[in-house]
Structures are given as C-alpha cells and as structure tokens.
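Structure, as structure tokens:
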C-alpha cells in the first residue's frame with residue numbers, strides 16, 4: 001500500500017498578528033454564531049447578504065461593520081462622528097489600533113478579550129410589544145443567539161462612539177477601553193449597562 005502523505009496546512013493568523021485557534025467561547029449559546037474562521041485578510045466584500053449570512057462573517061469584520069454606523073440610534077443617524085467612513089481600510093485600521101492597545105494593556109490575545117466582551121454584553125432577554133384586544137402590552141421574550149451578538153457589538157460601538165464624540169480621546173482608544181471594560185463585566189461599560197437594562201425590563205414584563 002502506498003503511504004499516505006500528510007499535508008501540513010499553514011496556520012493563518014489574522015492580519016499575520018493574532019491567532020484564532022486558541023480562542024475559547026464559554027457561552028454555549030453563542031458558539032455557533034461567533035465566527036472565528038482564520039483568514040489572512042478578513043474581507044467578505046458583502047457576499048453573505050442572505051438569511052443568517054452574518055454567521056459566515058468573521059466576528060472582527062462584524063465589529064468593523066457596526067463601527068461604521070456607530071452614529072445610528074433607533075434607526076436614525078443622529079450623531080456624525082467623522083472618524084469612520086465607508087472605507088474598509090480606514091475602519092479596519094481603527095479596529096487594529098484598538099486591538100494593539102488591548103494587547104499592550106492586558107497582555108492577552110485581543111480577540112479573546114473581544115469574545116469575552118461580547119459574552120458579557122449579550123442580553124439573554126428583551127421586551128417586545130404584543131397587541132391583544134386593541135391594547136398593546138410589553139412581553140418578555142428570549143433573545144436569539146445571533147441577535148444577542150448583534151446587540152452586544154452595537155452597544156460596544158455605541159459606547160465607544162459616545163466616549164470619543166467631541167472629546168480628546170480617539171475612537172480607537174475609546175473602542176479599546178469599551179471592549180476591556182465589557183470583558184471585565186465592569187458596570188462602567190455601556191454594553192454591560194444596556195444588557196442589564198434589557199434584562200430588568202424583561203423581568204418587569206413577565
């Protein structure tokens with residue numbers, strides 16, 4: 001029998017900097033919706049615009065996409081920060097600068113810190129409105145895993161945007177600070193505050 005040759009595939013690091021093979025996701029509900037597929041350049045170019053297509057997009061690119069629309073509040077663009085544009089290079093540079101600051105301050109893999117921040121900032125319950133007999137009532141519902149990640153990323157970017165808007169702090173510094181606070185489950189984190197608000201509203205609507 002011919003000997004089978006073992007092919008050693010190269011281990012890709014994101015942007016040749018960060019290893020994704022070591023990242024651990026502790027929350028079992030988020031394991032299937034946080035994409036950590038290693039690629040040298042993370043750029044999907046909008047190919048995954050289908051149902052549940054966001055699951056195929058790497059979590060770093062999803063953070064960058066949320067950062068590009070950080071001024072949106074309740075479907076309206078209220079705040080124009082000016083730091084981020086529609087340019088991939090500029091937005092990803094901000095994310096990579098923030099990751100560099102996180103790595104310098106914590107000494108950990110910044111992607112692991114980001115995953116911890118998402119787990120701590122992802123609400124488990126939220127409130128919807130149901131109509132019964134012509135009256136509208138708030139009703140507590142479980143939050144879907146994909147929506148949990150989206151809400152956590154959105155609130156992280158909103159918190160960073162608010163901390164940098166009209167301040168001396170740059171958007172990269174604000175993003176790094178927000179991710180580190182959320183990873184520590186610190187009450188000063190905007191994402192953690194919003195998560196607690198969502199869950200308290202849900203508890204009162206049961």
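The values are calculated or read from the model by the stated rules, or taken from the named source; none is laboratory data. Here the structure is a predicted model, which is why all the values come from computation and not from measurement. Counting neighbours? That spans all protein chains shown, and the Cβs are built from the backbone with ideal geometry, glycine included.
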In the range 1-39, which residues are part of a loop (DSSP other than H, G, I, E, B), modelled with pLDDT of 80 or more and surrounded by fewer than 14 Cβ atoms within 10 Å (Cβ to Cβ)? 16, 17, 21, 22, 24, 26, 31, 32, 37
Taking residue 126, is it touching a residue at least 24 places away in the same chain (Cβ under 8 Å), touching a strand residue (DSSP E or B) at 6+ places or on another chain (Cβ under 9 Å), closer than 21 Å to residue 187 by Cβ and buried (at least 16 other Cβ atoms within 10 Å of the Cβ)? yes
Please determine whether any residue of the range 66-73 is touching a helix residue (DSSP H, G or I) at 6+ places or on another chain (Cβ under 7 Å), closer than 27 Å to residue 170 by Cβ, part of a helix (DSSP H, G or I) and at pLDDT below 85. yes
Looking at the range 129-152, can you tell me whether even one residue there is assigned to a loop (DSSP other than H, G, I, E, B), within 21 Å of residue 54 (Cα to Cα) and over 18 Å from the mean Cα position of the chain (by Cα)? no
For the range 97-108, does any single residue satisfy the condition of being surrounded by 14 or more Cβ atoms within 10 Å (Cβ to Cβ), under 14 Å from the mean Cα position of the chain (by Cα) and touching a residue at least 24 places away in the same chain (Cβ under 8 Å)? yes
Residues satisfying the stated conditions in the range 40-59, i.e. in a loop (DSSP other than H, G, I, E, B) and either modelled with pLDDT of 85 or more or touching a helix residue (DSSP H, G or I) at 6+ places or on another chain (Cβ under 9 Å) (or both): 42, 43, 44, 45, 47, 48, 50, 52, 57
